[in-house]
């Protein structure tokens, strides 16, 4: 098998037919040796029925359907575990990732690149979204031990060596953008113009984006824990300076009645430091909790492939 294409799907009934048509046509022009692996991540619409109809008309279509929605990270992992190609492409089901780039990706991969990465610009995105995205990537670059670049997501082609390296990491809390960067290997970036969804609605709410951003910050470093230490140290220094100022005031001006501002300041400042520190520590403890339980990343409910090949 030359190329495996992994396509996570969640409620993509409105666009999945168009995606399949464009993807299969593009792959047919490149090679006849390919497979398309659709991963149904617990869709509640007719996505699974569409995938079954594709599989009935083409033996190059495989599908894996989860027992419920486990998230895109789990869907990508399931597809990568089954992929048998020399090169594996990961792309979204909404056509925001242009299938016509696969041919260019394959050309660079054959030149020896283990990761051929597609980077989009943000033309057409809302100004607020672009602003927050730029800010997020600047923050992550400073806080994490891996390099993340604005516009670079999951859309890429992986060599078998790079894919095996990714599959060797079995942590429960997966953040693929960081994992892609962490494994390294020889990389090539190709740029393309931003595309809007061909149909349907985005599944990413503001709340889910915030949660995903927090995962990115906490998954690849312990700097937030150091931040707690530094914040506590600063609080101690400020409190010592404040006590010294009070002592000098008493020595020169005598004793005043306790002030309302002093009490509120002390309660709010030290209470805030403690809550921030406890919250950050709690996030790490929660991740340890999930790692220790070693639950599977997903449960397969239905598939047209050999279940023994899916771990």
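Where a number appears in this text, it was derived from the coordinates with a stated rule and is not lab data. Keep in mind it's a predicted model, so treat the numbers as computed, not measured. Counting neighbours? That spans all protein chains shown, and the Cβs are built from the backbone with ideal geometry, glycine included.
Taking label points 7 Å from Cα along the Cα-to-Cβ direction, residue 21 and residue 233 give a separation of 6.2 nm.
Taking 16 Å as the cut-off, the amide N atoms of segment 155-195 that come nearer than this to a point 7 Å along the Cα-to-beta-carbon line of residue 294 belong to 169-173.
Cβ crowding within 10 Å ranks 9, 50, 25 as 25, 50, 9, fewest other Cβ atoms first.
Length gained on full extension, residue 164 to residue 44, computed as 0.36 nm times the residue gap minus the Cα-Cα distance: 40.0 nm. Would you mind classifying segment 44-108 by shape? Square roots of the alpha carbon gyration tensor eigenvalues, ordered a ≥ b ≥ c; an a/c under 1.5 is rounded, otherwise it is prolate if a/b is larger than b/c and oblate if not. Here segment 44-108 falls in the prolate category.
Cβ crowding within 10 Å, taken as a proxy for footprinting-reagent exposure, orders 76, 157, 91, 169 from fewest neighbours to most as 169, 76, 91, 157. As a proxy for reagent exposure, 36, 276 were ordered by neighbouring Cβ count within 10 angstrom, fewest first; the result is 276, 36.
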